[in-house]
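Undergrad: Please see the structure below; I have some questions.
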């Protein structure tokens, strides 16, 4: 009986690891897309932490990622990308310097 529980526990750990890897890969794809959308140079994306938060009146388990980017090719900034499962929840950018040749309308 103890062996059965050990195998079930091991399978659960493997499954949770696989889910986390899948979410990490999704975060990288989203971070690249969002940087391109905001005309930023994507540099890096890494998991910061998990947190239980209230979003739109519901408790959600969110994973926060640090997204490093550059706006001018010289400076490095870090924004935060939040995912709920594999779904986009939020993308927060700090104030960053615009390049000198940035077109203004």
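Undergrad: If R0 is 41 Å, what FRET efficiency do you get for residue 14 and residue 100 from their C-beta distance, rounded to 0.05? Please report the intermediate quantities before stating the final value.
TA: Working: r = 51 Å, r/R0 = 1.24.
Computed FRET efficiency for residue 14 and residue 100 comes out at 0.20.
Undergrad: Specify the angular offset, from 0 to 90 degrees and rounded to the nearest 10, of the alpha carbon long axis of helix 2-37 from the longest principal axis of the alpha carbons in the chain.
TA: Taking Cα atoms only, the helix is inclined about 10 degrees.
Undergrad: Now for a separate question. Of the listed values (i) 1.04; (ii) 1.40; (iii) 1.89, identify the label whose number matches Cα Rg over 2.2 N^0.38 Å calculated from this model.
TA: (ii)
Undergrad: Quote the relative contact order of the chain in percent (integer), defining contacts as alpha-carbon pairs under 8 Å separated by 6+ residues. Provide the component values of the computation, followed by the final result.
TA: Working: 141 pairs, mean separation 18.9, N = 105.
So the answer I get is 18 percent.
Undergrad: Under the rule of -39500 (n - 2.57) per DSSP H run of 4 or more residues, summed and divided by the residues of the chain, what mean residue ellipticity at 222 nm is obtained, to the nearest 500 deg cm²/dmol? Don't skip to the answer; put the middle values down first.
TA: Numbers: 1 runs with 36 residues, N = 105.
My calculation for the chain gives -12500 deg cm²/dmol from helical runs alone.
All of the numbers you see were taken from the coordinates with simple rules; none came from a lab. It should be emphasised that the depicted structure is a prediction, and the values quoted were computed from it without experimental measurement. With ideal geometry, Cβ positions are generated from the backbone for all residues, glycine too; neighbour counts draw on all protein chains shown.
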